[in-house]
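Asker: For reference, the structure I am asking about is given below.
The values are calculated or read from the model by the stated rules, or taken from the named source; none is laboratory data. Here the structure is a predicted model, which is why all the values come from computation and not from measurement. When we count neighbours, we look across all protein chains shown, and the Cβ atoms used for this are built from the backbone with ideal geometry, even at glycine. Each accessible area value is taken on the protein alone, full model and side chains, heavy atoms only, with ligands, DNA and RNA left out. Shrake-Rupley method; radii C 1.70, N 1.55, O 1.52, S 1.80 Å.
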Amino acid sequence: MTDYDNDNVFAKILRGELSSHKVYEDDVTYAFMDIMPRCDGHTLVIPKNPSRNILDIEQADLEAVMATVQKIARALMVAFQADGITTQQFNEGAGGQVVFHSHVHVLPRHEGVKLRPHTGEMADQDDLAEHAEKLIEALKGID
């Protein structure tokens, strides 16, 4: 397995070198809107500590990430009036991983609505900001 790259895009977000639409943060995790969302509300949850993926993440960080994933999922159900949630986590290039910092995708889903294709095009920043605000508001009611 390749070593962790301190210059990956998520490491830069954590260092404040790149902006993001943050929706949640605690001592161990950070959650923000995916800039190339497959659906409205598509959120990423990452550990603050460096790890490439599930193969090298510390157990405590993995547990914290999953607790945040659950919190975000519950809030997405409310904020986007979702019928369900899809979570995705990819490991190494052959497993579909593109950014080599541990992360989990959390996607609100609606019956009969397919995910948008991953085109590599960034979403409108105003739309992402609006989605972030909806999620932040819903998080206020989540334990």
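Asker: So what is the 222 nm mean residue ellipticity for the chain from helices alone, if each DSSP H run of at least 4 adds -39500 (n - 2.57) and you divide by all residues, rounding to the nearest 500 deg cm²/dmol? Kindly include the intermediate steps, with their values, before the conclusion.
Answerer: Details: 3 runs with 42 residues, N = 143.
Helix-only estimate at 222 nm: -9500 deg cm²/dmol.
Asker: Which value, in Å² and to the nearest 10, is the accessible area of VAL98 when all protein chains are kept and the probe is 1.4 Å?
Answerer: About 110 Å², rounded to the nearest 10.
Asker: What is the total of Lys pairs in the chain with C-alpha atoms under 21 Å apart, excluding same-chain pairs fewer than 8 positions apart?
Answerer: Pairs that pass both the separation and distance tests number 9.
Asker: Pop out the Kirkwood hydrodynamic radius of the chain from its pairwise C-alpha distances, inverse of mean 1/r, in Å to one decimal. Let's see the in-between values first.
Answerer: Working: mean 1/r = 0.0653 Å⁻¹.
This gives a value of 15.3 Å.
Asker: Helix 125-139: angle to the longest alpha-carbon principal axis of the chain, degrees 0 to 90, nearest 10?
Answerer: Compared with the principal axis, the helix lies near 80 degrees.
Asker: Quick one, can you get me the convex hull of the C-alpha atoms of region 1-66 expressed as volume per residue in Å³?
Answerer: Working: hull volume 6.6 nm³, N = 66.
With only Cα atoms used, region 1-66 gives 101 Å³ per residue.
Asker: First compute the accessible area of the chain with a 1.4 Å probe, then give the percent of it belonging to carbon and sulfur atoms.
Answerer: Details: 3870 of 7960 Å².
Summing carbon and sulfur atoms, their accessible area is 49 percent of the total for the chain.
Asker: Once amide H atoms are placed 1.01 Å from N in the peptide plane, what residues at a sequence separation of 5 or more from THR86, or on another chain, have their amide H within under 5 Å of its amide H?
Answerer: LEU107, ARG109
Asker: Could you size up the charge dipole of the chain around its Cα centre, putting +1 on the beta carbon of Lys and Arg and -1 on that of Asp and Glu, and report it in debye to the nearest 20? Intermediate values should be presented prior to the final figure.
Answerer: Values: 13 positive and 24 negative charges, 57 e Å.
In debye, rounded to 20, the chain gives about 280.
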